[in-house]
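The values are calculated or read from the model by the stated rules, or taken from the named source; none is laboratory data. For clarity, every value in this text was computed on a predicted model and none was experimentally measured. Using ideal geometry, Cβ is built from the backbone for each residue, glycine included, and neighbour counts are taken over all protein chains shown. Just so you know, the surface numbers come from the protein's heavy atoms only, side chains and all, with ligands and any DNA or RNA stripped out. Shrake-Rupley method; radii C 1.70, N 1.55, O 1.52, S 1.80 Å.
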Amino acid sequence: MSNEDELLRIEGIRKSFPGVVALDGVDFDLRRGEVHVLLGENGAGKSTLIKMLSGAYHPDEGRVLVDGHQVHIRGAQDAERLGIATIYQEFNLVPDLTVAENIFLGRQPRRLGMVDRRTMEADAEVLLKRVGVNVSPRARVRELGIARLQMVEIAKALSLNARVLIMDEPTAVLTSEEVDKLFAIVRTLREDGVGIVFITHHLEEIAALGDRVTVIRDGKSVGQVPASTPEDELVRLMVGRSIEQQYPRERGDTGAALLKVEGLTRDGVFHDIGFEVHAGEVVGIAGLVGAGRTEVVRAVFGADPYDKGAVKVSGAPLKGHDVGAAMAAGIGLIPEDRKGQGLVLDQSVEENLGLVTMRAATRAGLVDLKAQREAAARIAEQLGVRMAGLHQHVRTLSGGNQQKVVIGKWLLADTKVLILDEPTRGIDVGAKVEIYQLINELTAAGAAVLMISSDLPEVLGMSDRVLVMAQGRIAGELAADEATQDSVMALAVSNPTTDKEAARGH
Ligand SMILES: Nc1ncnc2c1ncn2[C@@H]1O[C@H](COP(=O)(O)OP(=O)(O)OP(=O)(O)O)[C@@H](O)[C@H]1O
Ligand SMILES: [Mg+2]
């Protein structure tokens, strides 16, 4: 390799926050036309590192070189001038502006001193086509789902004609088709000579897309290996030990049906949904994104209304559209959109962990703070939440550690029926196993678990029974030993309405 191929070099970067050394000597380099994966556990320092390149943070020590020259990236404009574009783990779009306005924020084309809307929207249209997303440039960002937001972010980065494109967990929220689309875009950019920094917790993506991998552990770069390195070796580098069993499901005896859903229908969204989850059981819900899985569990939890049907907990009918009633009956829901629905960002880890347990820890009307603190400390330890202490504000935790706090909060609550919507999204491989172990503990103690997951190996590895949804209906149910990648996918892409009619001879 000639030096000319080197776009970017980072040498000995250090960065501390109060109580935390986030980066403790990181080296990294990026070449033209490569995908360089940054790999590390939750809280290892990946996002902090790339924020040095986008100008969001400044290193305490160390150097950044672009094209062989040392640079000081003081803010977003410096980064833009150097051709560095970043797609953050937390989206950076303005909800009340349109898609086109977001893409060209601060750089709107002008005519006669006015924003030239028509040109802007036409240009946006071209970019959106290029990323292959079907969304109007005039749509408000607020109205878009999470996957489309991601695609708009990418379109925005493309509009900057970046030479360095940084993507912080871009696939965490995408469906497998969208991931394919994204990979195609990334490959095209690589061919055009763009250098791409790619962060992911999905190890299979590394060999599929990457060229080189830099592994970060506890704020230090601990190795640089080719992307073809076997997954177990990558895991060992990343967590410092090997992981024996990725899906440690321990099936026990099952008891009574704790959750019973009967004929649940919300017109136009889901139809005639019926299933049971028994004590001691993990039931997985598989399906393509858009199949209606989240909508169903939100209705079960009372977060959304339904038109027909019934939800019963331990045989007793539950009042519809009433989260308080669902919680009082012992149902918990760990939502898909954890940032929006699961956390109070400006409160401490301890306060967030206590949000649901408050009641359990209340004695004679007083919150037993000591009991609450002990429980919080125990679960944080178990999940390996990387933090300065229980007092740290959740906003300053790493993305994956924020997820762990939401999950911990519900695992602490004394729920009979726990519903998990994409429980391990954004969680590193080691912490995933800890979450699975906690699911085992819950079911061993007699709880019923209902788990939505788009991660097929996870559904197959952890469920005792799998329901597959397609187009708002349950397309089929598979016992653990019948559920395979193929049998689940066949149901997931089926059309339950016409298939049923066909079976009836229509
Ligand atoms: N503004 C901040 N104030 C205090 N601590 C911070 C701040 N930003 C990051 N940290 C800490 O720095 C460490 C590294 O966080 P970072 O977000 O870089 O991790 P990460 O590798 O991206 O993890 P994840 O996989 O969970 O996204 C964490 O312990 C985090 O709590
Ligand atoms: Mg991160």
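Cross-link partners of residue 308 among lysines, defined as those whose alpha carbon lies under 22 angstrom from its own and excluding same-chain residues fewer than eight positions apart: 260, 319, 500.
Relative contact order of segment 3-239, please, whole-number percent, based on alpha carbon pairs below 8 angstrom and at least 6 residues apart.
29 percent
What number, rounded to the nearest 500 deg cm²/dmol, is the helix-based mean residue ellipticity at 222 nm of the chain, given -39500 (n - 2.57) per DSSP H run of at least four residues and division by all its residues? After summing the helix terms and dividing by the residues of the chain, the value is -9500 deg cm²/dmol. On the principal axes of its alpha-carbon atoms, segment 295-452 has extents of 48, 40, 31 Å, going from largest to smallest.
How much accessible area per residue does segment 44-190 have, in Å², with a 1.4 Å probe? List each step's numbers first, then the result.
Working: 7110 Å² over 147 residues.
Accessible surface, normalised per residue, equals 48 Å².
Along the charge dipole of segment 3-239, Cβ charges K/R +1 and D/E -1, which of 33, 126, 237 sits furthest on the positive end? Of the candidates, 126 comes out farthest on the positive side.
Would you work out the relative contact order for the chain, in percent, from Cα pairs under 8 angstrom that are 6 or more residues apart?
Working: 1019 pairs, mean separation 78.3, N = 506.
Rounded, it is 15 percent for the chain.
Each of 372, 227, 8 was scored by the projection of its Cα onto the charge dipole of the chain, and the greatest displacement toward the positive side belongs to 372; charges sit on the C-beta of Lys, Arg, Asp and Glu.
Using only side-chain charges placed at the Cβ, +1 for Lys and Arg and -1 for Asp and Glu, the dipole size of segment 157-291 relative to its Cα centre rounds to 540 debye. Between 0 and 90 degrees, the angle of helix 176-191 with respect to the longest Cα principal axis of the chain falls at about 10 degrees. Each residue, residue 325 and residue 395, gets one label point 7 Å from its Cα in the Cβ direction; the gap between the two is 3.7 nm. Relative to its residue count, segment 240-318 spans a Cα convex hull of 131 Å³ per residue.
In whole percents, the pair-distance distribution calculated for segment 305-349 from its alpha-carbon pairs, binned every 5 Å from zero, is 5, 17, 21, 20, 16, 10, 7, 3, 0.
Among the lysines of segment 3-239, pairs that are 8 or more positions apart or on different chains and have alpha carbons within less than 23 Å of each other number 10.
Of 271, 69, 278, the residue with the largest accessible area leads and the full order is 69, 271, 278 (1.4 Å probe).
What fraction of the Cα pairs in segment 1-137, stated in percent, has a spacing above 19 angstrom?
Working: 5734 of 9316 pairs.
Within segment 1-137, distances greater than 19 Å cover 62 percent of Cα pairs.
Quote the convex hull volume per residue of the chain, based on C-alpha atoms, as a whole number of Å³. Please list the in-between numbers first.
Numbers: hull volume 87.6 nm³, N = 506.
Value for the chain: 173 Å³ per residue.
Each Lys or Arg adds one and each Asp or Glu takes one away; over the other residues whose Cβ falls under 14 Å from the Cβ of residue 183, this sums to -4.
The base-10 log of I(q)/I(0) for segment 374-449, evaluated at q = 0.12, 0.14, 0.21, 0.22 Å⁻¹, reads -0.31, -0.42, -0.94, -1.02 [Debye formula, identical scatterers on Cα atoms, solvent excluded].
So if the hydrodynamic radius of segment 451-491 is defined as the Kirkwood radius over C-alpha pairs, what does Stokes-Einstein give as its diffusion coefficient at 25 °C and 0.890 mPa s, in µm² per second?
Details: Rh = 10.1 Å.
After rounding, the answer is 243 µm²/s.
For segment 1-90, the list of GluC sites (Glu not before Pro) that fall in a loop by DSSP and count at most 13 other C-beta atoms within 10 angstrom reads 90. Rolling a 1.4 angstrom probe over the protein heavy atoms with all chains in place gives segment 271-313 an accessible area of 31 Å² per residue. Counting every pair of alpha carbons in segment 3-239, the share spaced more than 25 Å apart comes to 42 percent. Dipole check for the chain: with +1 at the C-beta of Lys and Arg, -1 at the C-beta of Asp and Glu, and the Cα centre as origin, the magnitude is about 1360 Debye. Which distance in Å, rounded to a whole number, links the C-alpha centroids of segment 396-432 and segment 111-188? First find each Cα centre; the distance between them is then 29 Å. Positive end of the charge dipole of the chain (Lys, Arg +1 and Asp, Glu -1 on Cβ, about the Cα centre): tell me which of 208, 291, 164 has its Cα farthest that way. With unit charges placed on the Cβ atoms, the residue in question is 164. A probe of 1.4 angstrom, applied to the heavy atoms of all protein chains, finds residue 391 with accessible area near 130 square angstrom. Rounded to the nearest percent, how much of the accessible area of the chain (1.4 Å probe, protein heavy atoms only) is carbon and sulfur? In the chain, the share of accessible area belonging to carbon and sulfur is 48 percent.
Given charges of +1 on the Cβ of Lys and Arg and -1 on the Cβ of Asp and Glu, with all other atoms neutral, how large is the dipole of segment 59-199 about its Cα centre, in debye to the nearest 20?
Details: 19 positive and 21 negative charges, 119 e Å.
Magnitude of the dipole: close to 580 debye.
The lysines within cross-link reach of residue 432, meaning a Cα-to-Cα straight distance under 17 Å and a gap of 8 or more places when in the same chain, are 404, 409. Taking all protein chains together and rolling a 1.4 Å probe, residue 129 ends up with roughly 150 Å² accessible. Among 481, 27, 304, 192, the sequence by solvent-accessible area, most first, with a 1.4 Å probe is 481, 192, 27, 304. Relative to the longest principal axis of the Cα atoms of the chain, the long axis of helix 146-159 lies at roughly 10 degrees. Derived from the Cα gyration tensor, the three semi-axes of the equivalent ellipsoid of segment 84-196 are 22, 16, 12 Å, largest first.
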